[in-house]
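The values are calculated or read from the model by the stated rules, or taken from the named source; none is laboratory data. Fair warning: this is a prediction, and the values are worked out from it, not measured in the lab. Here the Cβ is made from the backbone with ideal geometry for all residues, glycine too, and neighbour counts use every protein chain on show.
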Amino acid sequence: MRPKDKFDIKACKKIKDCNDEELIEMGEWLSGWLGDANFPVFSEIVEIFVERQDTLLPFVSNIFYSNDSICIYWVLLELYPKLSYQNQVALAIDLEHCLHNISEKLILDEDDENLKEILEKVLN
């Protein structure tokens with residue numbers, strides 16, 4: 001049922017029919033597809049996370065504790081705005097943690113600078 005590759009949109013559509021338990025089992029793996037908006041399956045995966053956000057929110061939260069600034073960037077731009085207000089509020093502490101980690105870096109690359117700017121806007 002999992003996409004075989006970044007072009008397997010058909011498998012993504014089948015995932016939408018999974019029950020919560022099956023979805024939770026795939027949650028970490030699914031969140032890995034949020035790392036690149038250029039993947040053809042990206043928009044389908046975002047849609048799954050939006051439609052089943054209450055079930056998948058812990059996996060979104062985990063992304064903000066990773067060092068993957070590109071994945072965090074895409075989640076903030078493409079997924080986070082589509083979440084319910086309640087779930088956005090629930091993620092606030094995770095976003096603050098992420099901003100703190102970026103701010104603590106001695107040298108920020110361009111991705112970090114962009115991410116910091118987005119996080120500051122989201123949190124204010």
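Yes or no: Lys16 basic (Lys, Arg), surrounded by 13 or more Cβ atoms within 10 Å (Cβ to Cβ) and either out of contact with any His (no Cβ under 9 Å at 6 or more places or on another chain) or modelled with pLDDT of 95 or more (or both)? Outline the logic, then answer.
Details: basic (Lys, Arg): yes; surrounded by 13 or more Cβ atoms within 10 Å (Cβ to Cβ): no; either out of contact with any His (no Cβ under 9 Å at 6 or more places or on another chain) or modelled with pLDDT of 95 or more (or both): yes.
No; evaluated as a whole, the condition is false for this residue.
Of all residues in segment 65-114, those being touching a Ser or Thr at 6+ places or on another chain (Cβ under 7 Å) and either modelled with pLDDT under 95 or at positive phi (or both) number 2. For segment 49-65, a residue qualifies if it is of a type outside the set (Phe, Trp, Tyr) and under 11 Å from the mean Cα position of the chain (by Cα), and the qualifying residues are Val50, Gln53, Leu56, Leu57, Pro58, Val60, Ser61, Asn62, Ile63. Taking segment 16-39 as the range and being within 15 Å of Tyr73 (Cβ to Cβ), over 10 Å from the mean Cα position of the chain (by Cα) and outside any loop (DSSP other than H, G, I, E, B) as the test, no residue passes.
If you filter segment 92-124 down to residues that are of a type in the set (S, T, N, Q) and in a helix (DSSP H, G or I), you find that the one that is nearest to Tyr73 (Cα to Cα) is Asn114.
Put simply, of Leu34, Leu77 the only residue that is under 24 Å from Glu113 (Cβ atoms), in contact with a Leu (Cβ under 7 Å, 6 or more places away or on another chain) and touching a residue at least 40 places away in the same chain (Cβ under 8 Å) is Leu34.
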